[in-house]
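Peer 1: Below is one structure. I have some questions about it.
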Amino acid sequence: MGNPVKIDYSASDFLGGTILLDAWEELAFRRICDLVYVTRDNLADDNKMGQLTKTGRRWSKIRLRLIELEKIEVVDGRISQPRCRRELEAANLRIERASNAGLASAEKRKSEISPSTTHRDVGDVEGDKSPQNSIISVSENLGNTLKSNDTDSTGVGSQVSTPDPTQEATTHQPPTIEVSKNPPVPNGTGPPMQPPPIPANLVREPKDAGKGNRNQRGTRLAPDWEPTAKHTELGTELGVDTPGEAAKFRDYWIAKPGKDGCKLDWDATFRNWLRRAAEYAGRGANGAGQPHAAGSRPSSGGVVAALATLQGRDTGTGG
C-alpha cells in the first residue's frame, strides 16, 4: 500500500456531509474514505467490500445509496471519492516539493564543501591565488627567464666565450608557458547554479487524465421530461407504476436546489429510481426502523426537530 500519507481532516466538513446517512451508511462511508487514502485511490469494487466496510450483506444496498447521494463514484472497477482524491493530490504535491527542496539543498552543500578545481597557472605561489595574481606571477617568471638568458649571452657573472663563426648562431627561444583557459572564478561571480532535474519517479501524471466524464458539467431536469419506452419496460419488469414514479421523479428533481439538482445522465438516474422504488416496495410501509419511500430523503429540518424532541424528553418538558 506504500508509505503513509498525511491528510488534512476537517471534522465539521465530515459531520455536515454525513448528516443524511444512517448509522450503517456512515460506517461504510468512513471506511471507504480511509481505504481510498490507504490504497492511494486504488480501491477495487469487488465482493470484499462487505467485509472491508464491516457492513456484510448490507453492502450492496448501501453501495447504491452512497452512489445516489454522490458520496462515492465507481470508475473503471474502482470505488473513489472526490474529496479524498483532492486531498491525496495535495499530499503528493507537498511530498514532491519537499523532495525537490531537499535535493537542491544537498546539491548546494556539496558544491560549497567540494568546489570544482581548475588548472592553476604557472607561477602560482602560496597565498592569494586569484586570477590577477596568477597573471602577475606569470609575467614575473617570464621576465626573470629573459634576464637569465641575457646574462648568459653577455658573459655577465660568467666567463666570456668567443663565438665560433663556423657554427650557426643559436637563437634563444622564450619558454612556452601554458595559461589556463578557465582561471579560478571567485565565489559569487560564476554562472548561476542550475536546479537539479526532478527524478523520474517523482513525475506524476494527473489522475484524471483520460477520464472526461469527471470534468463534464451536469444539467437540470427539463420541466417537460417524460419516461422513455425502455423505462416503461423496466418498470413493468420490476412491478413498479412507471407513470406514478415518473411524476414523483420529475417533481422531486425540478424542486431540488443548487448543484445537487444536476445530473450527467437523467435516463440512468430514473432507472436507478425505478429499481429503488421496487426495492422499497418489497419492504412494506414505513415504520420504526424502515427505510424511507423511493426517492424521499430525510431533511436536515426533520433531523433538527427530532433532536429537539429528544432534548425536551430529557428535561421533562416533552411528551
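Peer 1: Do we find a residue being closer than 20 Å to Asp260 by Cβ and either surrounded by 14 or more Cβ atoms within 10 Å (Cβ to Cβ) or not assigned by TED's automatic domain parsing to the domain that holds Gly282 (or both) anywhere in the stretch 86-97?
Peer 2: Yes, the stretch 86-97 contains a residue that is closer than 20 Å to Asp260 by Cβ and either surrounded by 14 or more Cβ atoms within 10 Å (Cβ to Cβ) or not assigned by TED's automatic domain parsing to the domain that holds Gly282 (or both).
Peer 1: Any idea how many residues of the stretch 39-84 are buried (at least 19 other Cβ atoms within 10 Å of the Cβ) and of a type in the set (Val, Ile, Thr)?
Peer 2: Result for the stretch 39-84: 5.
Peer 1: Now for a separate question. Across the stretch 213-263, what is the total count of residues that are part of a helix (DSSP H, G or I) and within 21 Å of Arg275 (Cα to Cα)?
Peer 2: 25
Peer 1: Of the numbered conditions (1) farther than 30 Å from Pro199 by Cα; (2) among the β-branched types (Val, Ile, Thr); (3) at pLDDT 85 or above, Thr39 fails exactly one; give the number of that condition.
Peer 2: (1)
Peer 1: Give Ala246, Ala229, Ala268 a once-over and let me know the one that is within 39 Å of the chain's Cα centre (by Cα) and either exposed (fewer than 13 other Cβ atoms within 10 Å of the Cβ) or at pLDDT below 95 (or both).
Peer 2: The conditions single out Ala268.
Peer 1: Sticking with this one: Looking at (1) within 30 Å of Glu89 (Cα to Cα); (2) modelled with pLDDT of 60 or more, find the lone condition where Asp241 falls short.
Peer 2: (1)
The values are calculated or read from the model by the stated rules, or taken from the named source; none is laboratory data. Given the structure is predicted, the values throughout are model-derived calculations rather than measurements. Because the Cβ atoms are built from the backbone with ideal geometry, glycine has one as well, and the counts that use them run over all protein chains shown.
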